[in-house]
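Take a look at the structure below.
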Amino acid sequence: MTAELTADLGAYVRKFHRASVLVVGDAMLDRYVYGTVSRVSPEAPVPILTVTREVAMPGGAGNVVRNLVALDAAAAFVSVVGDDQAGSELTTLVGGQERVEPWLLVHGGRTTTLKTRYIAQGQHLIRADREETIALPEKLAERLVRIALDAMAATSVTVLSDYRKGVLSEGVAQQLIEGAKKLGRKIIVDPKGRDYARYRGADVVTPNRRELHEATGLPVETEAEIVHAAQTLVHQFNFGAVLVTRAEDGMSLITADEVRHYPGEAKEVYDVSGAGDTVVATLATALAAEVPLADAARLANIAGGIVVGKVGTAVARPADILTAIAPATGALRKVVTPSAAAEAAERWRLRGYKVGFTNGCFDLLHPGHVHLLEQCRAMCDRLIVGINSDASVQRLKGPTRPAQGEAARAAVLASLASVDLVCLFEEDTPIELIKRIKPDVLIKGADYTRETVVGADLVESWGGSVALAQLLPGHSTTATLARLRG
């Protein structure tokens, strides 16, 4: 990657906040039920899951919207839910996201698609689906198209996210594509099924390798075969481009007269769930920010590589993409955003690691700090350290502090072998950071009591614990500063 290309890609990412994207498609609710298994049921040869927590998030087309929000794009979302509890919960989750204009139409009697995954010690036990896949009634479909066309006029790019649950019937998809052409808007389709005639005239379609084979009946094992199959679709259905996702092998962008292959970006593949949604969302965001198609595809490939390195239906953020484009080296890789810290903590927990958290100003690192952090690391498998920002330290300790800036403090902490991640927080206390990370053990020095540890009740509420580490006598920041100044 040349320096010029890297700089250009970074500049494109920093324009993502200007993007506005419309998503039309099948909304789902993804529910994850986590727990532990220690015995087999006496009633049948099945494991007994002791549930410890549940997480719900938008799935399907809703996950495309979630990815758009993570990328700092504004999103409009048009879909249909049932008049049921899952539909109500999904509506609340979508509507609670910033910069999202939701249009979730209610179809009485319809079952909202709900996918529930049961997970123990990082392993999926079973997935239970509840759904209805019939096409929309004519009047409801007409209303959906009318609302979508109005929203299309106010956004730059439209994504049709088709999961074959009934929202994007052939007639609906074609009306939206034709409407996009009249309005001069680009339209991207994440397709399903074998009938690509319903997507005729789309600017970009994004099948994976298997979907490309199903749509064409052609072999797709080699790059040459992928190109031939994709160009068959381009010519047959008048597509502007076909972007083929090839899992760990990367992606291929094929038009009528150009072919580009992008190698896989993931260093490790943990989970491919939702990676296609991330690719589509990143491609749409980049195109809405007026990034050329070839560069937009490259950014989508980088984002896809990021999320398959995370566990669960994850998202890629601008900071993640910028780091992937120009990665930090050495210890600075440990200095992360709160979102990245939370995702890392979740990934570690799913792999069976105990996540610890401690915090402080760490104004001037001294042997007392090193002693404390080594004890903290001994109490867990992975240690995240939260540090107060410069503004936070000044509010707490006065205008002459901190003695060192936040960047320097973070870098020094990250250089310690006992510390796995360092995360800045702007507030006076780390309570919001604790809520996001959800540590298994919260650790402070023995000059605190359990009652004075911020977040103690919260950590214990989800089954975590609070621990107090011994202090090294005669070593404190105040005493160290006094010795240096004296």
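The values are calculated or read from the model by the stated rules, or taken from the named source; none is laboratory data. Predicted model only: the values in this text are computed from it and were never measured. Neighbour counts are summed over all protein chains in view; Cβ atoms, including those assigned to glycine, are modelled from backbone coordinates with ideal geometry. Protein only, heavy atoms only, side chains kept; ligands, DNA and RNA dropped before computing areas. Shrake-Rupley method; radii C 1.70, N 1.55, O 1.52, S 1.80 Å.
Structure notes:
- Selection within region 53-74 - among the hydrophobic types (A, V, I, L, M, F, W, C), under 15 Å from ALA303 (Cα atoms) and out of contact with any helix residue (DSSP H, G or I) (no Cβ under 7 Å at 6 or more places or on another chain): VAL69, ALA70
- Answer residue from region 96-110, given it is within 17 Å of GLY25 (Cβ to Cβ) and not in a strand (DSSP E or B) and is least open to solvent (accessible area, probe 1.4 Å) among those: ARG110
- Qualifying residue in region 366-380 (condition: part of a helix (DSSP H, G or I), under 22 Å from ALA340 (Cα atoms), without any contact (Cβ under 8 Å) to a residue 24 or more places away in the chain and among the charged types (D, E, K, R)): no
- Close pairs (9 angstrom Cβ cut-off, 6 or more residues apart or separate chains): within 29 Å of TRP462 (Cβ to Cβ) in region 41-55, part of a strand (DSSP E or B) and of a type in the set (Lys, Arg) anywhere: PRO47/ARG39; ILE48/ARG39; GLU54/ARG31; VAL55/ARG31
- Selected residue (criterion: modelled with the highest pLDDT) from residues of region 344-363 that are out of contact with any helix residue (DSSP H, G or I) (no Cβ under 7 Å at 6 or more places or on another chain) and open to solvent by less than 40 Å² (accessible area, probe 1.4 Å): ASN359
Quick grid of which residues meet (1) within 19 Å of VAL279 (Cβ to Cβ); (2) open to solvent by less than 20 Å² (accessible area, probe 1.4 Å):
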residue: THR50; (1), (2): no, no
residue: ARG53; (1), (2): no, no
residue: GLY60; (1), (2): yes, yes
residue: VAL65; (1), (2): yes, yes
residue: ASP72; (1), (2): yes, no
residue: VAL80; (1), (2): no, yes
residue: GLY87; (1), (2): no, yes
residue: LEU90; (1), (2): no, yes
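- Scope region 187-217; condition farther than 20 Å from ALA27 by Cβ, of a type outside the set (Lys, Arg) and part of a loop (DSSP other than H, G, I, E, B); matching residues: ASP195, GLY201, ALA202, ASP203, PRO207, GLY217
- Qualifying helices (runs of 4 or more DSSP H) (wholly inside region 392-486; at least 1 residues being at pLDDT 90 or above and among the hydroxyl-bearing types (Ser, Thr, Tyr)): 456-461
- Only one of GLU268, GLU248 that is modelled with pLDDT under 95, surrounded by fewer than 24 Cβ atoms within 10 Å (Cβ to Cβ) and in a helix (DSSP H, G or I): GLU248
- Residue in region 30-38 that is in a strand (DSSP E or B), modelled with pLDDT of 90 or more, open to solvent by less than 50 Å² (accessible area, probe 1.4 Å) and acidic (Asp, Glu) present: yes
- Test: residue in region 126-134 that is within 22 Å of LEU22 (Cβ to Cβ), at pLDDT below 95 and either surrounded by 14 or more Cβ atoms within 10 Å (Cβ to Cβ) or touching a Ser or Thr at 6+ places or on another chain (Cβ under 6 Å) (or both): no
- Single match in GLY179, GLY193, GLY184 (criterion: surrounded by fewer than 16 Cβ atoms within 10 Å (Cβ to Cβ) and either over 22 Å from ILE134 (Cβ atoms) or without any contact (Cβ under 8 Å) to a residue 24 or more places away in the chain (or both)): GLY184
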